[in-house]
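S.K.: Supplied in structure tokens, the structure appears directly below.
Values in this text are rule-based calculations from the coordinates and carry no lab data. All values reported here derive from a predicted model rather than from experimental measurement. Cβ atoms come from the backbone with ideal geometry, glycine included; neighbour counts cover every protein chain shown.
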Amino acid sequence: MEKWFRIFIPIIFFSSLLASSAFTQTSAPPSHGQSNSKARQSQVDAEGHQWWQHAVFYEIYPRSFADSNNDGIGDLNGITSKLDYLKQLGVDAIWITPCFPSPQVDFGYDVSDYENIDPMYGTLKDFDRMESQAQQRGIRIILDFVMNHTSDQHKWFIDSRSSRTAAHRNWFVWHDPRKDGGPPNNWESTFGHSAWKLDPKTNQYYYHYFYPEQPDLNWQRCSM
């Protein structure tokens, strides 16, 4: 098997949610909280630095950051309620760990839908409000966009495991068993067990660097 299968591919998606005015010079009076905001500067400063080279980043795990509805779970509205506090700290950008729908096998890092918000954290409307309020304060938003693997409940993998000829079959890493029926090789997941799980329906193993519920995407063959 190719060596690349063993590589963990973390992708942090720098969102394009902020309007272009947040990246360009403006002579208009700053809005609330923006008197010294780097978000009103150009992407490249006078010394040739990109905005992120001198920015202050604040990582937020939504589940435990701020609970707006007293259900015991942090949420997007909770983050919105703390934006003034973050601005006072001098934060230029917030990095939000996965808030997409997920079975929560790995606390959100097993994503089942990249196009929505997990109900425990709120709605897409709540996200839009948070983004708008952050923009007003000159705070950029970065999403932790997990694309090394998906949840085994994602529609891509559900289709992939349905048959060997499924449209998404090669979007994940499948391999025949050894002659004795065992996994293709002795690779282990980061948790210390075999990195291969047999799927009885098609009698092939799929590769997972993390939990079995997090099948790795096949970046060599999938075409999204």
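S.K.: Compute the signed sum of charges (Lys and Arg +1, Asp and Glu -1) over the other residues within less than 13 Å, Cβ to Cβ, of GLY122.
M.R.: Values: positive: ARG63, LYS125, ARG129; negative: ASP67, ASP71, ASP75, ASP118, ASP126, ASP128, GLU131.
Once all neighbours under 13 Å are counted, the net charge is -4.
S.K.: Moving to a separate point now. Kindly provide the trypsin sites (Lys or Arg not before Pro) of the range 149-224 that DSSP labels as loop, not H, G, I, E or B, and whose Cβ sees at most 14 other Cβ atoms within 10 Å.
M.R.: Details: sites: LYS155, ARG161, ARG164, ARG169, ARG178, LYS179, LYS197, LYS201, ARG221; in loops: ARG161, ARG164, ARG178, LYS179, LYS201, ARG221.
Passing both the DSSP loop test and the Cβ count: ARG164, ARG178, LYS179, LYS201, ARG221.
S.K.: May I ask you to compute the full-extension gain from ASN116 to TYR61, defined as 0.36 nm times their residue separation minus their alpha-carbon distance, rounded to one decimal in nm? Please list the in-between numbers first.
M.R.: Working: separation 55, 0.36 × 55 = 19.80 nm, distance 1.71 nm.
Here the segment from ASN116 to TYR61 would lengthen by 18.1 nm.
S.K.: Using the Karplus curve 6.51 cos²θ - 1.76 cosθ + 1.60 with θ = phi - 60°, what ³J(HN,Hα) values do you get for each residue of the range 67-80, in whole Hz, with x for Gly and Pro?
M.R.: My calculation for the range 67-80 gives 9, 8, 10, 6, 9, x, 10, x, 8, 5, 5, x, 4, 4 Hz in order.
S.K.: For labels at GLN50 and ASP199 in the simple 7 Å Cα→Cβ model, what's the distance in nm?
M.R.: 3.6
S.K.: Based on alpha-carbon centroids, what's the gap between the range 158-207 and the range 109-147 in Å, whole number please?
M.R.: If we compute the Cα centre of each part, the gap is 32 Å.
S.K.: Taking the Cβ of LYS197 as the center, what net charge do the other residues with Cβ under 13 Å away carry, scoring Lys and Arg +1 and Asp and Glu -1? It would help to have the intermediate numbers written out before the result.
M.R.: Details: positive: ARG161, LYS201; negative: ASP152, GLU188, ASP199, GLU213, ASP216.
My count for the surroundings of LYS197 gives -3.
S.K.: Amide H to amide H under 5 Å from SER194: which residues, 5+ apart in sequence or cross-chain, H placed 1.01 Å off N in plane?
M.R.: Here the answer is SER189, since their amide H atoms fall under 5 Å of that of SER194.
S.K.: Here is a follow-up. By the scheme Lys and Arg +1, Asp and Glu -1, what is the net charge of all other residues having a beta-carbon under 10 Å from that of HIS154? Walk me through the numbers on the way to the answer.
M.R.: On the way: positive: LYS155; negative: ASP110, ASP113, ASP152, ASP159.
Local charge sum for HIS154: -3.
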